[in-house]
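Note sheet for the following structure.
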Amino acid sequence: MKKKTLLALLLGVTFVVSVVLVRTALFRSTRARVEPVRGIAVHEARVAQHLAEAIRFKTVSNRDASQVDWDTFTAFRAFLEKTYPRLHASLERELVHDHSMLFTWRGRDPTLKPVVLMAHYDVVPAPESTNADWVQPAFEGVIADGYVWGRGALDNKSSLMGIFEAVEALLADGFRPTRTVYLVSGHDEEIGGWDGAVKIVELLGSRKVEPEFVLDEGGAIVVNAIPGVRVPVAAVGVSEKGYVTLELRVASEGGHSSTPPHQTAVGVLGKAIAELEANPFPSDMTYSAQFFEYVGPEMPFAQRMIFANLWLFRPLVERIMRGNPSMDASIRTTTAATMFDSGIKENVLPPRATAVVNFRIMPGDSVDAVVERVRSVINDGRVEVRIRGKANEPSPMSSIDTRSYALISKTIRQTARDENLVVAPYLAMAASDARHFSSICPNVYRFLPFKVPPEELKGIHGTNERLSTKNFAQMVRFYYQLLRNCEGL
Ligand SMILES: [Zn+2]
């Protein structure tokens, strides 16, 4: 190599290294100091008792309405009435589609945009086959070892009860909000929210209601969930992925297997699926980059350097994320072949083959775009592609440069009792009723104010769902302070 070239190369490398180091040094924590709020009195044992009682109502939703025990839903609402008498005396309750609840707490100033707090009250079942794995039964509402145990403790009765406890306490304090507050509780979130949240949005829309913000489930304060990050991270969902399931069908001649064609229906369909798996959707780092802008500065030096310099390390980060299914899901539309059906007998050519592939759609993509891409990747006229069941577009991204986001973020930090906590926006992987509100409100956020390690999060739709009584008391404090903070919004 010529001396001149070597010198230029050296200079170039030195320049890049300096930029990387300077950017790393400037990649500082965004945590603003917030004065913690103390003195919100919550009777930890009493509110835990209420949550335990709520869990005993087996409000399990089911796509087949005839399988639902509607009397339990009615009984649950009667329990709420008995437990929160002030709330039921001061707020107006409307039942939508018989079982979803819309509460209106009229504000003093009707010209201000209202706020919406949401929490569904249906739960997923706890299959009998898992009974032996539960430390405490799923529907008995046992309080033991500092936890309230059972289905709904995390998803999502704790949120509903937390909101109700807070409103009841505020009413006892003589509080009346300046802006109107809506409390929305769907009865069918776990099966799509089509009769509950969807109808409530239609109703509010017909009344020209445009909320300032909507807060629902879909985020939490996580600890020890991100490698290298020791501080708690309050992940606030600013969007959620869309959903579509496609059915792929191949029809063929059938006949005897002794004289087969070069490819049977199984082979054609198998190849189509192999193509889909070999051609993942392109990645989009927008959401991850935004998340790491807040979480990155809390990482050890080497990781911090990488996230401070995504302009240089993006391909590396993408490769690492690709290797981890949950990280990969946060940067692209995912493809999951989940069902395959074909064949009748070992020596008979299959007259048809069908497969089902489920996609979780990245914001920016769309249901139509997914269908179109699938057709072009498969590129085989023998494979028919059609949508199965109900599809959902991904939610639009809610801005974090709003007063509402700032208010939620401030409330989290005021009530978290940990000044190291970081608030970070993220893309919610699971669907929630919140998505239905995008049509009437741009500021839809997803966050539940409990602080849980990953092993406890597994309780959501899994076994041993539980919430510590301390966490539940914190949730009540959060909603109490949030509603107070809305006064300054
Ligand atoms: Zn839920």
**Prompt:** Out of curiosity, is PRO280 modelled with pLDDT of 95 or more and away from the ligand (no atom under 16 Å from the Cβ)?
**Reply:** yes
**Request:** Give just the number: which of (1) under 29 Å from ASN420 (Cα atoms); (2) charged (D, E, K, R); (3) surrounded by fewer than 17 Cβ atoms within 10 Å (Cβ to Cβ) does ARG319 not satisfy?
**Result:** (1)
**Request:** Report yes if some residue within the stretch 150-158 is modelled with pLDDT of 95 or more, part of a helix (DSSP H, G or I) and not basic (Lys, Arg); otherwise report no.
**Result:** yes
**Asked** Can you pull out the residues in the stretch 353-393 that are of a type in the set (D, E, K, R) and either within 25 Å of ILE191 (Cβ to Cβ) or modelled with pLDDT under 95 (or both)?
**Response** ARG360, ASP365, ASP368, ARG386, ARG388, LYS390, GLU393
**Asked** Only one of these conditions is not met by VAL47: (1) assigned to a loop (DSSP other than H, G, I, E, B); (2) more than 30 Å from VAL295 (Cα to Cα); (3) among the aliphatic types (A, V, I, L, M); (4) touching a Phe, Trp or Tyr at 6+ places or on another chain (Cβ under 7 Å). Which number is it?
**Response** (1)
**Request:** Report, ordered by the first and then the second residue, all pairs with beta carbons closer than 8 Å, sequence separation of six or more or different chains, a first member in the stretch 211-225 that is under 17 Å from LEU467 (Cα atoms), and a second member that is hydroxyl-bearing (Ser, Thr, Tyr).
**Result:** GLU217/SER159; GLU217/SER432; GLY218/SER432; GLY219/TYR426; GLY219/TYR445
**Item:** Per-region count, the stretch 376-417, residues within 30 Å of ARG352 (Cβ to Cβ) and within 24 Å of the chain's Cα centre (by Cα)
**Value:** 6
**Prompt:** Listed residues LEU203, LEU215, LEU269, LEU248; which is out of contact with any Cys (no Cβ under 6 Å at 6 or more places or on another chain), open to solvent by less than 30 Å² (accessible area, probe 1.4 Å) and closer than 30 Å to THR111 by Cα?
**Reply:** LEU215
**Message:** Of the residues ASP133, ASP109, only one is open to solvent by 70 Å² or more (accessible area, probe 1.4 Å) and either away from the ligand (no atom under 16 Å from the Cβ) or free of Cβ contacts under 8 Å to residues at least 12 places away in the same chain (or both); which?
**Reply:** ASP133
**Request:** Among residues belonging to the stretch 140-155 that are in contact (Cβ under 8 Å) with a residue 60 or more places away in the chain and more than 24 Å from the chain's Cα centre (by Cα), point out the one that is nearest to the ligand (Cβ to nearest atom).
**Result:** GLY141
**Request:** List every residue pair whose Cβ atoms sit under 9 Å apart, with the two residues 6 or more apart in sequence or on different chains, where the first one lies in the stretch 1-22 and is touching a residue at least 40 places away in the same chain (Cβ under 8 Å) and closer than 12 Å to MET305 by Cβ and the second, anywhere, is open to solvent by less than 100 Å² (accessible area, probe 1.4 Å) and of a type in the set (Gly, Ala, Ser).
**Result:** VAL20/ALA308
**Complete:** PHE103 fails exactly one of (1) surrounded by 22 or more Cβ atoms within 10 Å (Cβ to Cβ); (2) of a type in the set (A, V, I, L, M, F, W, C); (3) part of a strand (DSSP E or B); (4) away from the ligand (no atom under 16 Å from the Cβ), namely (1)
**Scan of the stretch 44-69 for residues that are surrounded by fewer than 13 Cβ atoms within 10 Å (Cβ to Cβ) and either touching a residue at least 60 places away in the same chain (Cβ under 8 Å) or aromatic (Phe, Trp, Tyr) (or both), ordered by number** = ALA45, ARG63
**Asked** Does at least one position in the stretch 207-218 carry a residue that is under 19 Å from the mean Cα position of the chain (by Cα), within 16 Å of the ligand (Cβ to nearest atom) and on the phi > 0 side of the Ramachandran plot?
**Response** yes
**Asked** Taking VAL123, is it among the aliphatic types (A, V, I, L, M) and more than 12 Å from the ligand (Cβ to nearest atom)?
**Response** no
**Complete:** Among strands (runs of 3 or more DSSP E) entirely within the stretch 377-489, at least 3 residues that are touching a residue at least 24 places away in the same chain (Cβ under 8 Å), away from the ligand (no atom under 15 Å from the Cβ) and touching a helix residue (DSSP H, G or I) at 6+ places or on another chain (Cβ under 9 Å) occur in 383-392, 422-428
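The values are calculated or read from the model by the stated rules, or taken from the named source; none is laboratory data. In this text, all values refer to a predicted model and were calculated from it rather than measured experimentally. Counting neighbours? That spans all protein chains shown, and the Cβs are built from the backbone with ideal geometry, glycine included. Just the protein is used for accessible areas: all its heavy atoms, side chains included, with ligands, DNA and RNA removed. Shrake-Rupley method; radii C 1.70, N 1.55, O 1.52, S 1.80 Å.
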